[in-house]
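A short worksheet on the structure shown next.
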Amino acid sequence: MPERVWSEKDLVRRANRRLAVLRHAEEVSGNVAATCRYYGISRNIFYRWKRR
């Protein structure tokens, strides 16, 4: 199966969404678990994004 090739626009959009999730946890809710539930992602994914 061929690997997907992401356009620059797609990469920027994905990066901005990840930053929005990280900022929400830090500035709005102050709660990682609540932020993850709100955005529908796992805490493992959240912390992977944060590490990057």
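Worth a mention:
- Calculated Rg and Dmax of the chain using C-alpha coordinates, Å: 12.6, 41
- You can think of it this way: the chain between residue 22 and residue 47 has 8.1 nm of extra reach, that is 0.36 nm per residue less the Cα-Cα gap.
Throughout, read-outs are computed from the coordinates displayed, never taken from laboratory work. All values reported here derive from a predicted model rather than from experimental measurement.
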